[in-house]
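Each remark here refers to the structure printed beneath this line.
The values are calculated or read from the model by the stated rules, or taken from the named source; none is laboratory data. On a predicted model such as this, the values are computed, not experimentally measured, just so you know. Heads up, the Cβs are rebuilt from the backbone with ideal geometry, glycines too, and the neighbour counts pull from every protein chain shown. When the accessible area is computed, the model is the full protein with side chains, heavy atoms only, and any ligands, DNA or RNA have been set aside. Shrake-Rupley method; radii C 1.70, N 1.55, O 1.52, S 1.80 Å.
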Amino acid sequence: MFATGDTELAATPPMGWNSWNAFSCDVTEGDIRTAADQLVETGLRDAGYEYLVVDDCWMADGVDDEGRLQPHPDDFPSGIESLAEYVHGKGLKFGIYSSAGTRTCQGLPASLGRERLHARQFADWGVDYLKYDNCGDHGSNDAIARYSAMGNALAEVDRDIVYSICEWGRNEPWRWGRNAGGHLWRATHDIVAKWTTDEQEFGLGIVDIIDQMHERGMDPHQGPGGWNDPDMLQIGNGPDSGQSKLEDVDVDRALTPAEERTHFSFWCLFGAPLMAGNDLAAMDDWTRELLTNEDAIAIDQDPLGIQGTRDGVLEETEVWSKRLAGEECAVILFNRGESTTDIETTVETVDMPVDAATYTVRDVWNDEVRETDGQLHATVDPHDVAMFRVIPE
Ligand code: GLA
């Protein structure tokens, strides 16, 4: 189990938006201002998406005389402090990116050996969230040393900064992320906007990540203040999104609506950080409705902070569940196969802590409410889910 630490920050999984999946290295301060406006206008902020994070490529290719990071002169001409002010003015929090190596993944200056200087710089700029990547030369330092150095530096500044460790799950960061000062830690490699990827291909698809989140045995390590992070959302993205167009990424079609619903449902069942990653100015109604579903978000943000797990497998169908506060339970019936299938289970199979004569079943995705004496079932399309909140009466 996890050590006690600061659980007020990130008491529930952080929610927000990050620039990488939509804009990759082409991001500009204009994109960030637009994203801030859009988070408000589309209702995402009010649904809980609070942290607006600029990922790699905000910095110039050189540090100042003291070693401080500089904003890119053409793409971020107004500087980071004024950008953070703009974001704060919209009732949002502002996040930034660096790496625990000499360079970022795009080859720009990063923070190894300059952690205290950069932490102070971020605090002075009004930064509320740091995503800290794993690229560049590590010298002779192991991951725990590199991530703890920044965690300690952030703890010394006079500002609350959520610390997002992005070590890709290489060294089981769920075991040491909290002690390194982290509030969330990437548990898996980079997500791409695909259902699944081949082994030799860059990144992981949705179903690959779902499997790894279960199979790597990380769930006991998560809870308030420290979250296993299956990476940012790819909902609303496709072959034309920034990350999809990178040289080593190969996205030939968008996720289907069923696959997107499965993606969002599982991230909520995991109690995962929900960082949207789509171009908000081009968001359609389907994507907005998916990202703002109140019942799904309530399952994600449940105060117990339990990561849901797999309870049973029958051929291509699976039953997953997550214990919720108030002796309730969230259930996913998942069809990973290629034909529509009936899936059945009972409250005895899932993580329902009490035995009752009757349960209310609220369907997250179609608003139906029904009563059951314990049977749970749905007809589920290929790559799709049914998701319920089950409440004992
Ligand atoms: C790594 C991270 C991604 C993103 C890119 C930026 O691949 O895992 O999430 O931040 O770097 O270059």
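Modelled spin-label separation between ASP295 and ASN171, with each label point placed 7 Å from Cα along the Cα-to-Cβ direction: 4.3 nm. Net charge dipole, region 309-392: roughly 320 debye, given to the nearest 20, about the Cα centre with Cβ charges of +1 for Lys and Arg and -1 for Asp and Glu. The alpha carbon centroids of region 79-147 and region 176-214 are separated by 21 Å. Residues considered: ALA11, ALA35, ALA145. Largest GNM mean-square fluctuation over the chain, using C-alpha springs under 10 Å, is found at ALA145. Computed from Cα positions, the angle between helix 115-125 and the longest principal axis of the chain comes to roughly 80 degrees.
Taking every C-alpha pair closer than 8 Å and separated by at least 6 residues, the mean separation divided by the residue count of region 151-262 gives a relative contact order of 24 percent. DSSP finds beta bridges in the chain, and of those with both partners inside it, around 60 percent are antiparallel. For region 15-301, lysine pairs separated by 8 or more sequence positions, or belonging to different chains, with Cα-Cα distances below 27 Å total 5.
Rounded to the nearest 10 degrees, the inclination of helix 29-41 to the longest alpha-carbon principal axis of the chain is 30 degrees.
Peptides 41-51, 380-390 ordered by packing proxy, namely the average of other Cβ atoms within 10 Å per residue, highest first: 380-390, 41-51.
When all protein chains stay in place and ligands, DNA and RNA are ignored, the 1.4 Å accessible-area order of GLU201, GLU85, GLU259, largest first, is GLU85, GLU201, GLU259. Summarising the overall dimensions of the chain from its C-alpha atoms, the Rg and Dmax are 20.7, 71 angstrom.
Per atom type, region 15-301 shows carbon and sulfur on 40% of its accessible surface, probed at 1.4 Å.
Averaged over residues, the count of other Cβ atoms within 10 Å places the peptides 185-196, 365-376 in the sequence 185-196, 365-376, highest first.
Legend note: in the chain, cysteines whose Cβ sits 4.7 Å or more from every other cysteine Cβ are CYS166, CYS268, CYS329. Per residue, the average separation of C-alpha pairs within less than 8 Å and at least 6 apart gives region 199-280 a relative contact order of 38 percent. Note on region 226-299 and region 40-59: Cα centroid distance 14 Å, given to the nearest whole angstrom.
Using the Cβ of ILE191 as centre and a radius below 12 Å, the other residues enclosed give a net charge of -2, where K and R count +1 and D and E count -1. The label point for HIS72 and the one for ALA155, both projected 7 Å from the Cα toward the Cβ, are 3.4 nm apart.
For the chain, what relative contact order do you get, as a whole percent, if you take Cα pairs closer than 8 Å and at least 6 residues apart?
Relative contact order, the chain: 15 percent.
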